[in-house]
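What follows is a set of notes on a single structure, which appears directly below.
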Amino acid sequence: MTPRGGRRLALAAWLVAVAPALGGAQTTTSEGAALLVFPKVVVDDQWDTAIQLTNTANRPARAICYYVNGALTFPDLPPGPTNPPLWTQVDFRLSLVRQQPTQWVVSRGRVVDDADQVCRAPFTTCSGSGLDPGVIPPVEGGFSGELLCYEVDASGAPWSGNALIGHATLTHRATGALLKYPAVGSVGLPSNDADGTLCLGGEASEVCPSGAEYGGCPRSWTVSHPSDFDERASDGDASATRLVVAPCTHDFVTQEPQSVQLSFLATNEFEQRFSAAARVSCWTDLVLAEVAQIFDRDVIGADWLQTEIRAAGQTPGGFRLVQQTARGAAEPARLSVVATVPPQLDAAPQADLVRVPEESVP
Amino acid sequence: MIGRLLRAGLALVPLLDGVAQAGAPSSDLPAAIVVYPVVRVGADTDTRIQLSNAGSEVIDADCFYQLTEPTCLGGLPGQSCAVEPNTCSGDCVARQRRIPFHVRITGRQPLAWSARRGLTTPPIDGAERVATAGQSNAGTRVPGLGDGPVDASLRCVVVDGVRGAPQPTNALVGQATLAQATAAARDATLYRAIGIPALPETGNGDDAIVLGGPNAEYAACPTVQLLEHYFSGSGLPSGTSSATVDTELVLTACSSDPDAGAGSVVQFLVYNEFGQRFSTSRPFQDRVATSMATMDTSDPKRSIFSVNVNGTLAGQTQINGYGAGTLALGLETHRDATSGAVHTAALEVHHVGARVSEDRLVLEPACPGDCNRGGDVSIDELITSVNIAIGSTAVDGCSVVDRNADGLVAINELIAAVSASLDGCPAPFVLPSAVPSPSPTPVPTELPVSIGPQITFLGLATADDLPLRPDAIDEHGRAVFIRPHGQGFTLVVEARQGVERGRIGATTYRPDGQPDLQILVSRPLGDGGAAVCENDGIRGGVPAMPDLSFSSDPAVVAAMNDLGCRAYDRQALPRPCTRAPLSDDTPFDFVRNRSPILSEVQYCLPIARAWSFPAGDTIVAVRVLDVRGTPGTIEEMVVRVIPPFEEGG
């Protein structure tokens, strides 16, 4: 065998070896990941968000993070071409020692203060205790968007270390109501070429010569939720579900937002099916009742729905999802609100690309 | 040659190629088994169970609540361990009880019920209402748990609708909402059921479901679960004041097997924001639900899960069930300091590794003659059974009466059905359970003699720390690792003491002399710059030493330090960086972790883009000194980088 033939054979063997990982990988909320997204981060008059981020490896871990503000330019007006999302971004870097957890409140950020003390009673002013992971900028009010972090090596290049896990906790300022969900991770693969284009799923191409570098992004999700209703006029309850939809493709260089055409297929307990569609641009917090009337209990005729949400065929790439359901009466204390990341179905066949500025990569 | 093969991992236990094991417990995908760790019913509490079919075909599922109930052992007849009044003159011990039921879910149908009330009339009953292609929920009957108090877990397994045999159909999706409502306030907690996927073409269809292990039919339970939490007593911003946080941990065994052995021990490793580690352990049997702050002490302020002890707000706890797999869920409670209002949110765990040993979930055999699997045998079902016995009805009409599955219903099988009709179906199992781990098999091999420290492993690991198997051995007996890129992996060296028993040196970087770990490369890494530890070791490359000659020449020493300063901690690690993907004990371990080749130290050196290997073959030569400066034998390996699409020969 010629040396050239040997190399081809070896490369083929390597590709076969990693093939199962490439084919089966999607997003995860159960295992460590190299790219972590908190799809719903809110800082406004009603809500604040706390982030927990943990290095699960027995070695140091580093990450570069971006806040992306998907709030509308004119928040009180409906979205549209004249009212696009702000799509502004703020980046920062984190460094964690082995197995280190860290946390911060988004509206406050976190400073590096070597004089941080061990937390003492009454334990209400300890947010800086511990090893500071880096300078995390505070986020001003009017922020509704996401936080994306990707693991990097010591020189700042993308690193498939799969060391990161996270949770976001949203607290309602008036009532103290809690929303907590796990960050959505993309597993880094050995094929990561560490350049400025992060390839999530897909096949080898000119822009992704090594093929998938991270697990593919889901193209469809299945959401179990109650139907919407509002009986507060008769001293009853109201129930409403909303979904944060965050496209997986990001261009942090040009800052151009991605759009996704979504189809909704809702099945009620009687196996009756209803459909709807919506187009979302950038990052969107969708109120289901505003998407279509099919989510109304009076229309769908059932208390419970399973809704499959799918990116339409003409839309390349996938998206991430956080589900939020609120139920309660008019009094704030009798409001309960829950959130979760629903199960995903199939991954997008095409790669989602995350482009980061060249200065992030040596 | 043998020594090099051993060090490189060709002759010992298999290493992984960075490929994750197929399937793992997760809430991210539909699965064939779903586990709800917490189902609660009480005066102000109920649990809304959601169970959906994500597939398009109808599926059947056998489910059971598993309750822990105090039972009076050694007392007099009629005595009870009820909390008030406790009349037991013997010992009150916790016993497990199952409440089984069966559900049938049509394609893409969401099914939901209150744990308190159950589901007596399914949405599509098969009589008045039939769905697409004649599908229905016929046979679905979920018992209510009453007014409680009940604190249980729930498991559902996809089975075939005729015989009740487990089916490898990954279509179940589950959620539960714990709801608490008083006149003044309301709180709700939503969590996702933990899905355990079936592995393709491995199931034997019997009632003993094997999770993991050599005969796995379903994904293995995790080696370790990670709980990312705030320490008990932490103060967090909440509304207009602050809230005090507490976390309840619910642990339930992966196994549910009436024939298995004793309990197990669960170990907890707790890390705070300083990276400091604390540990504790406790006995475990079946299920536990308790505040983390009282797991290790009766005084929550002295708990290793408290902010008092840790001094930081956030923590990470690794949970490892020795002897039995576990599944965990956290419930995080925020109590407002001013109003006293309480809000709770679910805290779902992350998983690391897969258990080598199997866990078993044993389904209850169907009640003989209970054709609709409703939990009792009606007169209609007895008539059907008789009709099958006399041949006027096919056995498919009620296969559970055919207990030996021979296609016929014999007189003894009819008698069993009649007994079940008169006396009720057999009592649910009293449980479990722990499956002991198999002992690792010793490997009867040994390394050559070395005066100084002996290298026990020289190789690569993936960026996420999984040791790699060499791709080849070259004509010099060196392990060859083939990579598509020159960066994105970790160089791993392990060693043990040589025959002189000198303590192994720890340093990988020493500004004033030779480091203890010495690595030379035959070709330059990155830009090959000669500046030692340029920009604190995060930029710049490493020069080549083509003849790979270890000496005190300043250029050689500089090259050793230039590479060594990029190793984690710049010294031997206190705990291994490499992961053990299949283990019952720990998610991180030495690569050489079995007698007679046991590593004593490990060094890990990440290969970043700034000091990446060039395309082609680069020889890596390594030796280790002991603290007296005595070197061990030199070992070599080859890193062969073949970029994708490279056509050069």
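The values are calculated or read from the model by the stated rules, or taken from the named source; none is laboratory data. These numbers were taken from a predicted model, which means no experiment stands behind them. Because the Cβ atoms are built from the backbone with ideal geometry, glycine has one as well, and the counts that use them run over all protein chains shown.
Details
- Unique residue being surrounded by fewer than 21 Cβ atoms within 10 Å (Cβ to Cβ), within 13 Å of chain A (Cβ to nearest Cβ) and under 27 Å from B:S27 (Cβ atoms) when the list is B:L269, B:L347, B:L313, B:L327: B:L269
- One residue stands out among those in segment B:209-233 that are among the hydrophobic types (A, V, I, L, M, F, W, C) and assigned to a loop (DSSP other than H, G, I, E, B): the one that is farthest from B:T252 (Cα to Cα), which is B:F231.
- Scanning segment A:131-180 for residues that are touching a strand residue (DSSP E or B) at 6+ places or on another chain (Cβ under 7 Å), under 30 Å from B:A188 (Cα atoms) and of a type in the set (G, A, S) turns up A:G141, A:S144, A:G145, A:G166, A:A168, A:G176, A:A177.
- For segment A:216-232, the criterion of being of a type in the set (S, T, Y), more than 30 Å from A:L265 (Cα to Cα), in contact with a strand residue (DSSP E or B) (Cβ under 6 Å, 6 or more places away or on another chain) and in contact (Cβ under 8 Å) with a residue 24 or more places away in the chain is satisfied by no residue at all.
- Count of residues meeting criterion [part of a strand (DSSP E or B) and within 14 Å of another protein chain (Cβ to nearest Cβ)] in segment B:82-132: 9
- Condition check for A:T125 on (1) in contact with a strand residue (DSSP E or B) (Cβ under 7 Å, 6 or more places away or on another chain); (2) of a type in the set (S, T, N, Q); (3) more than 7 Å from chain B (Cβ to nearest Cβ): one failure, at (1).
- For B:D296, the conditions (1) within 14 Å of chain A (Cβ to nearest Cβ); (2) surrounded by fewer than 23 Cβ atoms within 10 Å (Cβ to Cβ); (3) part of a loop (DSSP other than H, G, I, E, B) all hold with the exception of (1).
- Residue in segment A:108-125 that is out of contact with any helix residue (DSSP H, G or I) (no Cβ under 9 Å at 6 or more places or on another chain), polar (S, T, N, Q) and either at positive phi or part of a strand (DSSP E or B) (or both) present: no
- Test: A:R279 is modelled with pLDDT under 90 and of a type in the set (K, R): yes
- As a summary of the residue check, B:D336 satisfies the conditions (1) under 25 Å from B:Y65 (Cα atoms); (2) modelled with pLDDT under 90 except for the one numbered (1).
- Strands (runs of 3 or more DSSP E) fully within segment A:220-307 counting 2 or more residues that are over 30 Å from B:G134 (Cα atoms) and touching a helix residue (DSSP H, G or I) at 6+ places or on another chain (Cβ under 9 Å): A:238-247
- Of the residues making up segment B:516-571, those that are part of a helix (DSSP H, G or I), modelled with pLDDT of 90 or more and of a type outside the set (D, E, K, R) are B:P554, B:A555, B:V556, B:V557, B:A558, B:A559, B:M560, B:N561, B:L563, B:G564, B:Y568.
- Qualifying residue in segment B:192-206 (condition: part of a strand (DSSP E or B) and farther than 22 Å from B:D257 by Cα): yes
- Residue tally, condition part of a strand (DSSP E or B) and crowded, with 20+ Cβ neighbours inside 10 Å, over segment B:150-170: 10
- Candidate set from segment A:293-314 (those that are of a type in the set (G, A, S) and at negative phi); member that is surrounded by the fewest Cβ atoms within 10 Å (Cβ to Cβ): A:G313
- Residue selected from segment A:81-107 under the condition crowded, with 19+ Cβ neighbours inside 10 Å and in a strand (DSSP E or B), by the criterion farthest from the other protein chains (Cβ to nearest Cβ): A:P85
- B:G139 being part of a loop (DSSP other than H, G, I, E, B), crowded, with 20+ Cβ neighbours inside 10 Å and at pLDDT below 90: no
- Every listed requirement among (1) modelled with pLDDT under 85; (2) under 20 Å from A:N268 (Cα atoms) is met by B:I59 save one, (1).
- Count of segment B:598-649 residues, restricted to those that are more than 13 Å from every other protein chain (Cβ to nearest Cβ), touching a helix residue (DSSP H, G or I) at 6+ places or on another chain (Cβ under 9 Å) and part of a loop (DSSP other than H, G, I, E, B), is 1.
- Residue in segment A:265-276 that is out of contact with any Pro (no Cβ under 8 Å at 6 or more places or on another chain), surrounded by 19 or more Cβ atoms within 10 Å (Cβ to Cβ), away from every other protein chain (no Cβ under 11 Å) and under 30 Å from A:F295 (Cα atoms) present: no
- Of the strands (runs of 3 or more DSSP E) lying entirely inside segment A:148-195, those containing at least 3 residues that are within 7 Å of another protein chain (Cβ to nearest Cβ) and crowded, with 24+ Cβ neighbours inside 10 Å are A:164-172, A:178-182.
- Whichever residue in segment B:579-597 is touching a residue at least 60 places away in the same chain (Cβ under 8 Å) and within 16 Å of B:I455 (Cα to Cα) and, among such residues, is farthest from the other protein chains (Cβ to nearest Cβ): B:P596
- Residue match in segment B:174-185 (condition: more than 10 Å from chain A (Cβ to nearest Cβ) and either more than 30 Å from B:G126 (Cα to Cα) or of a type outside the set (V, I, T) (or both)): yes
- Test result for B:P574, assigned to a loop (DSSP other than H, G, I, E, B) and either in contact with a Leu (Cβ under 9 Å, 6 or more places away or on another chain) or free of Cβ contacts under 8 Å to residues at least 60 places away in the same chain (or both): yes
- Selected residue (criterion: surrounded by the most Cβ atoms within 10 Å (Cβ to Cβ)) from residues of segment B:546-569 that are away from every other protein chain (no Cβ under 11 Å) and in contact (Cβ under 8 Å) with a residue 40 or more places away in the chain: B:L563
- Residue, nearest to A:A204 (Cα to Cα), within segment B:475-502, restricted to residues that are part of a loop (DSSP other than H, G, I, E, B) and within 11 Å of chain A (Cβ to nearest Cβ): B:P484
- Selection within segment A:50-79 - aromatic (F, W, Y) and buried (at least 20 other Cβ atoms within 10 Å of the Cβ): A:Y66, A:Y67
- Condition met for A:V112 (facing chain B (nearest Cβ under 7 Å), more than 19 Å from A:T56 (Cβ to Cβ), surrounded by fewer than 18 Cβ atoms within 10 Å (Cβ to Cβ) and free of Cβ contacts under 8 Å to residues at least 24 places away in the same chain): no
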